[in-house]
Amino acid sequence: MPMSAQCYPYYLANVAQAPNADLEVIDKYHGTLAARVALPDAAAIERAIAAAVAAEAPLRALPPYARQQILEHCVARFRERQEELALALCVEAGKPIRDARGEVTRLIDTFKVAAEEAVRIDGEVLNLEISARARGYRGFTRRVPVGACSFITPFNFPLNLVAHKLAPAIAAGCPFVLKPSEKTPLGALIIGEVLAETDLPAGAFSILPLPGDRAVALVEDARFKLLSFTGGQIGWDLKARAGRKKVLLELGGNAACIVDGDQRARMDAVVERMIFGAFYQSGQSCISVQRIL
């Protein structure tokens with residue numbers, strides 16, 4: 001059944017904002033209006049960046065157990081809302097319900113792992129006694145949050161790829177501004193609704209479903225310490241424009257499938273799996289099979 005048209009807010013400095021309902025999300029199965037999404041303007045983008053920078057110190061001071069509790073809250077709420085999240089994926093991305101439920105499971109697993117790792121972020125003690133002069137010397141390393149992060153995610157896995165950025169950022173104590181794909185924003189905004197229930201410091205997160213041409217500041221603004229982008233070749237252009245901040249790119253691969261000679265007896269099954277790997281989700285996957293050896 002088609003969803004009723006609901007209005008989804010964006011999230012600015014942890015707070016839901018719905019000044020308009022300008023972005024339409026179409027139900028991919030019925031061709032009808034499924035939802036409307038509020039779009040932030042330039043002033044909202046600036047406020048989100050400033051809030052993330054201001055949240056660096058309080059989020060850095062948040063103890064690991066508190067970050068873990070935030071992530072565990074998310075895990076519990078995602079489990080309660082599994083069907084809602086899966087239906088959103090069906091509607092906005094056209095995923096079959098089986099695949100949508102699988103992606104919700106990945107979302108839950110990613111936040112669960114991040115919750116476990118939040119209390120295991122430590123350093124290393126090094127023995128520096130490489131000569132008599134250094135007798136008794138010790139060194140140590142300590143991991144610290146990098147600071148405000150900018151995240152840009154694609155349309156093909158709207159929950160999974162968002163989770164891969166947000167959950168580790170929370171575990172590490174990094175505030176962020178996320179731009180989910182404007183083609184599939186609903187899952188990310190439901191995640192934002194759950195995050196807004198937590199004790200994250202004010203300004204720790206913003207979720208802005210922007211068209212790419214309105215997201216220039218998320219790439220070029222020097223106040224961000226890190227840009228993480230998942231998508232296609234345009235990532236190289238974004239890196240060139242990002243300035244001195246750290247840049248993490250997860251781009252499409254040229255995934256190979258190697259068929260061993262001893263698989264001849266089950267070649268039908270092998271071919272079936274390769275076809276699935278190549279054309280699952282119309283091939284819109286960074287690990288889709290592209291070469292067979």
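Only the coordinates and a few stated rules stand behind these numbers; no lab work does. A quick note: this is a predicted structure, and the numbers were derived from the prediction, not measured. Note: ideal-geometry Cβ built from the backbone for every residue, glycine included; neighbour counts use all protein chains shown.
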Of all lysine pairs in the chain that are eight or more residues apart or on different chains, those with Cα atoms under 15 Å apart total 10
Among [x] 1.09; [y] 0.97; [z] 1.03, which one is Rg/Rh (Cα atoms, Kirkwood Rh) computed from these coordinates? [z]
For D262 and V125, FRET efficiency with R0 = 51 Å and r from the beta-carbon atoms, rounded to 0.05? 0.60
Kindly provide the helix-only [θ] at 222 nm of the chain, computed as the sum of -39,500 (n - 2.57) over DSSP H runs of four or more divided by all residues, to the nearest 500 deg cm²/dmol? -12500 deg cm²/dmol
Of T141, T184, T105, how do they rank once you tally other Cβ atoms within 10 Å and put the fewest first? T141, T105, T184
Under DSSP loop assignment and at most 14 Cβ neighbours within 10 Å, longest GluC sites (Glu not before Pro)-free interval of the chain: 1-128
With the 8 Å Cα cutoff and a minimum separation of six or more residues, segment 12-99 has a relative contact order in percent of 31 percent
In nanometres, what is the gap between the two model label sites at E197 and I292, each 7 Å from Cα along Cα-to-Cβ? 4.6 nm
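Contact order normalised by length for segment 254-293, with contacts defined as Cα pairs under 8 Å and 6 or more residues apart; what percent is it?
Here the relative contact order equals 63 percent.
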Determine ³J(HN,Hα), in whole Hz, for all residues of segment 35-47 in sequence, where each value follows from phi through the Karplus function 6.51 cos²θ - 1.76 cosθ + 1.60 and θ = phi - 60°; x replaces Gly and Pro. 6, 10, 10, 6, 10, x, 9, 4, 5, 5, 4, 4, 5
